Amino acid sequence: MVRYALNKNRIFVDAQLSLYDKDEIFTCIFCDRPLFYKKAHHKTRKETSFWVCGHFSHNVNIEEVQETEIDCISNQFVSTRSESAVHKYAKSRAENILNATTQTYFKQDNFESIQEYQYPGRRTDIALVNKKGAGFLNYEIQTSPTSFNSITTRVEKDKSNYVGATIYAIGEISRRGSADEWGKGVGGLGATQAVLLASCLEAYGMAQDIQKLATHHEITYLEDTRTGFIYIEEKDIYGDIQFNQHKLIGRHNEISDVTTDTTAEVIYQAILEHEKLLKDPIIFDMGFSGNPSISHVSDTVEGFDGDDDNTKRYETPLAKLDLELLQKLKLLCQTHQGHIGAAIEFDIDTHRAKVVLLGQSIERYEWIDFKNLFISEADFISTTSSCKKTELEKEEGNTACIKIIKTERIPYNILNPIQDWSQETASKVQRLKIGDRCTWMDAPNWWNRKGEEINDIAQDGKVRLAYSGRYIPREEVILIESAE
């Protein structure tokens with residue numbers, strides 16, 4: 001997807017800041033080919049719905065996942081992608097766990113998990129809602145650094161919408177501790193992400209992290225055709241992710257795997273909190289100017305959307321890059337004054353770049369000093385790697401001396417978060433009410449298999465069944481049929 005383009009008046013524009021006519025044709029500032037506008041929309045693939053931001057496309061008929069096949073440097077810009085592949089995949093995995101949990105433990109409630117659910121002034125990654133559209137739990141995937149204030153603001157907004165809990169799954173967490181793994185996306189720990197996880201844990205008592213997971217071990221046998229020597233290369237294939245749950249218990253961080261069991265308990269607590277909020281709602285005055293973290297939620301919430309990709313921030317000074325590599329590039333950039341633009345030419349001798357800023361005509365470009373320009377390092381790595389690959393492919397006589405003989409893939413046993421029904425978990429999360437038909441763990445053999453109705457629930461949670469007349473501890477009761 002391409003975010004920036006030149007309009008018919010040759011003005012540099014952003015697809016996410018304005019609505020355009022679908023028939024209007026734009027021009028790519030990087031390759032001069034036509035671009036077509038696509039407005040923001042929900043898209044469904046394999047029964048999963050997700051939000052696609054407004055963008056430009058090199059081909060009007062092509063699907064978003066195939067747009068990178070167009071040979072243009074704009075396709076290499078990681079900074080313009082509104083949602084990373086890891087973020088999108090993590091949302092699907094989280095949604096699968098939520099759906100499996102509700103089908104196993106909350107079937108009678110007809111809960112549904114919906115991606116990109118819209119609340120008043122707030123859109124969440126995944127919302128768990130009931131058949132009336134009331135939200136009980138929001139699930140956020142945060143696979144890049146962000147400020148803890150933004151998380152606090154979103155949680156407060158959720159509470160004003162009677163949402164019982166907001167769970168954050170923090171990406172880029174690793175326990176390897178290796179220096180060369182530091183800050184390398186999901187699977188490498190960025191310092192900001194460690195602080196973010198700790199802050200969520202301290203403030204809310206629970207948070208989750210996302211870990212890269214190797215699904216296969218690949219062994220490749222290669223032969224050097226010049227010598228006949230055969231050698232082996234081994235590597236792990238990271239094809240999956242895993243969620244881990246952190247709980248603050250007695251000031252200690254206890255970690256467990258996220259499964260349908262652990263998720264059921266989280267949902268149960270969210271439902272209880274939702275019911276408390278309905279009885280005693282927490283009202284946030286969005287117009288009060290005394291607390292900036294609350295007062296301007298409606299203004300800032302759109303700024304949160306899409307902040308999941310840390311490569312979106314243009315933080316690397318242009319002057320610190322390999323200047324020789326710049327000569328063949330065009331890059332998106334940000335000035336020291338915060339203006340976004342496109343650097344379409346670099347003068348290595350004078351350390352200046354020819355820059356077209358958003359809202360300006362391409363004919364009114366500016367020459368800006370390298371010291372006043374910043375780019376996304378991921379953009380630089382992606383584009384230079386692509387250029388190097390193209391140059392190698394064009395080299396004449398570059399015949400391969402190494403031949404692959406065979407490749408083997410050995411699967412690992414990985415965590416299955418979708419677990420079977422557990423009576424122990426069910427006993428913790430059942431929301432019993434008068435009229436439900438139940439039995440209990442120590443019921444005698446002659447007890448009615450269809451259960452007996454509950455006729456009283458004491459304040460301490462103990463349940464009295466119609467037949468026995470005695471109170472049974474809540475955790476020993478087994479629900480057979482709901483009164484609804």
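Remarks
- Inter-probe distance in nm under a simple model that places probes 7 Å from Cα toward Cβ, at Tyr412 and Glu475: 3.4 nm
- Here Lys276 and His336 are evaluated by their C-beta separation; at R0 = 51 Å the FRET efficiency comes out at 0.60.
- Cα→Cβ-extended label distance, 7 Å offset, between Tyr204 and His252, nm: 2.4 nm
- Distances between placed amide hydrogens fall under 5 Å for Tyr412 paired with His216, His217, all partners being 5 or more residues away or on another chain.
- 3J(HN,Hα) couplings calculated from phi for the stretch 126-143 with the Karplus curve 6.51 cos²θ - 1.76 cosθ + 1.60 (θ = phi - 60°) are, in sequence order, 9, 10, 9, 10, 9, 5, 8, x, 7, x, 9, 8, 10, 10, 10, 9, 10, 8 Hz; Gly and Pro show x.
- For the stretch 414-430, 3J(HN,Hα) computed residue by residue from phi via the Karplus equation (6.51, -1.76, 1.60; θ = phi - 60°) reads 10, 5, 9, x, 8, 9, 6, 4, 10, 5, 4, 5, 4, 5, 7, 10, 5 Hz, glycine and proline entered as x.
- Rounded to the nearest 0.05, the FRET efficiency derived from the C-beta distance between Asn110 and Ala40 at R0 = 22 Å is 0.15.
- Whole-number percent relative contact order across the stretch 436-484, with pairs defined as alpha carbons under 8 Å at least 6 apart: 45 percent
- Length released on extending from Asn96 to Lys235, taking residue separation times 0.36 nm less the Cα-Cα span: 47.2 nm
- Note on Asp14/Leu213: beta-carbon distance plugged into 1/(1 + (r/R0)^6) with R0 of 51 Å gives a FRET efficiency of 0.90.
- Rough spin-label spacing in nm, given labels placed 7 Å along Cα→Cβ, for Ile402 and Asp369: 4.5 nm
- Rounded accessible area per residue of the stretch 207-259, 1.4 Å, Å²: 54 Å²
- Of Lys107/Lys159; Lys91/Lys132; Lys38/Lys320, those spanning more than 31 Å from alpha-carbon to alpha-carbon: Lys38/Lys320
The values are calculated or read from the model by the stated rules, or taken from the named source; none is laboratory data. Owing to the predicted nature of the structure, the values given are computational and were not obtained by experimental measurement. Please note: Cβ atoms are built from the backbone with ideal geometry, for glycine as well, and neighbour counts cover all protein chains shown. Heavy atoms of the whole protein, side chains included, go into the accessibility calculation; ligands, DNA and RNA do not. Shrake-Rupley method; radii C 1.70, N 1.55, O 1.52, S 1.80 Å.
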